[in-house]
Structure formats: structure tokens, C-alpha cells
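The values are calculated or read from the model by the stated rules, or taken from the named source; none is laboratory data. All of these numbers come straight from a predicted model, not from anything done at the bench. Ideal geometry is used to build each Cβ from the backbone, glycine not excepted, and the neighbour counts take in all protein chains shown.
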């Protein structure tokens with residue numbers, strides 16, 4: 001257990017923890033608005049832009065972690081299993097959201113991360129190719145989504161115009177490009193799975209109030225992702241209907 005913790009980079013757990021905290025707050029605000037307890041107008045930010053910013057941070061960190069993991073173990077089969085597990089959880093979340101809220105998640109962020117992990121071995125040994133492909137995927141995504149087609153099987157790719165309303169939608173174009181950029185960044189900052197930059201500032205950062213809690217959140221991000229929204233939703237449902 002201790003050796004596993006010692007093999008982690010606290011700065012990555014800290015950054016992921018910040019993303020987790022932002023995600024929980026965002027979903028809390030979304031639920032408050034859903035139950036008409038508040039309106040989005042009271043918040044000084046655009047909800048869609050906020051959601052995509054938080055999602056981008058998760059995807060970039062995912063790519064960095066994939067690079068580190070590959071440098072240390074180089075086991076594509078392990079990544080395949082991880083990706084399939086995430087796709088299984090993504091299917092569960094899609095079913096729960098449809099049954100509970102009558103809303104659609106056909107290809108959300110968990111679907112994307114699962115597919116990205118499965119595709120990652122194609123790029124992990126070639127980080128420069130990953131970076132260039134990532135830039136290309138992001139740069140061409142706006143053109144691809146404007147193509148005059150609406151085929152359902154193209155929805156996960158982000159190709160063609162999508163008229164269906166979805167509460168969570170992260171197609172491969174452009175979002176897989178963010179993961180690929182993360183792989184490239186990871187290869188620069190953590191070559192061979194080792195930190196390349198000085199750690200003095202990081203030590204000070206990790207001593208800030210709340211840093212330990214944020215690192216805890218970062219280490220358990222998937223579990224928190226799976227359980228936080230049902231808990232917040234149930235609590236606000238009870239408050240809205242039985243106050």
C-alpha cells in the first residue's frame with residue numbers, strides 16, 4: 001500500500017483533486033437549477049463553458065497518467081481491461097440517467113475516457129505523433145461536426161450535426177485530441193515515468209491548507225465520480241419535495 005502511494009506524483013493527485021472538486025460543485029449547481037432552487041443567472045459563468053473546462057482538465061490529466069503508466073509497465077492488455085471496465089461503468093450511468101431523469105448520455109466523458117484508454121497504445125510509444133494527432137483532431141473537429149449528415153453511428157466520433165439533446169456529450173473529435181495532448185505533455189514532464197522538473201515549489205504547494213484533502217479526492221476520482229451525483233441529487237430531491 002505504501003509503495004503504491006510513494007509511486008504516485010502528489011502534484012497530479014492535487015490537480016485531479018481540484019478537477020474533482022470543481023466537478024462536484026458544478027453538478028451541485030446543476031441539480032439546484034434542475035429543481036428550480038436557484039437559476040444559473042446568479043452564477044458569473046457560462047455553464048457549458050465551465051463543464052467543458054472541467055472535462056478538459058480530466059482528459060489532459062488522463063493523457064499524462066497514461067504516459068506515466070506506459071513508461072513504467074508497458075502493458076497494453078492492462079489498458080484494454082481498464083478501458084473496458086470504464087465503458088461498463090459508462091453504460092451503467094447511461095442507464096441510470098435515462099431511467100431516473102429521462103435524459104440521454106450516449107457518449108459521455110466516461111465513454112470517451114474508456115475508448116481513449118483502449119486506443120492509447122497506438123500513440124503511447126510515439127508521443128510526438130500523439131501531440132500532432134491531438135492538434136489535428138482538435139483543429140478539424142469544428143469542420144467535421146458541420147458536415148451535412150446525421151448518422152447515429154457517427155455520434156461517438158463527433159462527425160455531422162447532432163440535434164439530440166444530451167446532458168453529457170464528449171465525442172472523439174475534438175476530445176480525444178485533449179487526451180493525446182496529455183500523452184505528449186506527460187512524455188515531456190515525466191519521461192520514463194520520472195519527474196523532470198524541480199519539486200521545491202511543489203513541496204510548498206502540497207503544504208497549503210486543504211492540499212491533503214484534494215490529493216485524497218484525486219486518488220479516488222472514479223469512485224467520487226460514480227457516487228457524488230446520486231447523493232447530491234437525492235439530497236436536493238428530498239429538500240425540494242419535503243421541505
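Within the option set 183, 135, 232, being touching a helix residue (DSSP H, G or I) at 6+ places or on another chain (Cβ under 8 Å), closer than 25 Å to residue 25 by Cβ and either assigned to a helix (DSSP H, G or I) or outside the structural domain of residue 29 (by TED's automatic domain parsing) (or both) holds for one residue only, 232.
When residues in the range 48-67 are screened for being modelled with pLDDT of 95 or more and farther than 14 Å from residue 25 by Cα, 12 of them pass. In a loop (DSSP other than H, G, I, E, B) and touching a helix residue (DSSP H, G or I) at 6+ places or on another chain (Cβ under 9 Å), is that true of residue 38? Criteria met by residue 38.
Counting the residues of the range 189-219 that are touching a residue at least 60 places away in the same chain (Cβ under 8 Å) and assigned to a helix (DSSP H, G or I) gives 14.
The combined condition, being in contact with a strand residue (DSSP E or B) (Cβ under 6 Å, 6 or more places away or on another chain) and more than 23 Å from residue 187 (Cβ to Cβ), is not fulfilled by residue 148.
Quick grid of which residues meet (1) more than 30 Å from residue 194 (Cβ to Cβ); (2) within 19 Å of the chain's Cα centre (by Cα); (3) in contact (Cβ under 8 Å) with a residue 24 or more places away in the chain:
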site: 65; (1), (2), (3): no, yes, yes
site: 89; (1), (2), (3): yes, yes, yes
site: 99; (1), (2), (3): yes, no, no
site: 107; (1), (2), (3): yes, yes, yes
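Taking the range 145-162 as the range and being within 17 Å of residue 115 (Cβ to Cβ) and either under 22 Å from the mean Cα position of the chain (by Cα) or part of a loop (DSSP other than H, G, I, E, B) (or both) as the test, the residues that pass are 154, 155, 156, 157, 158, 159.
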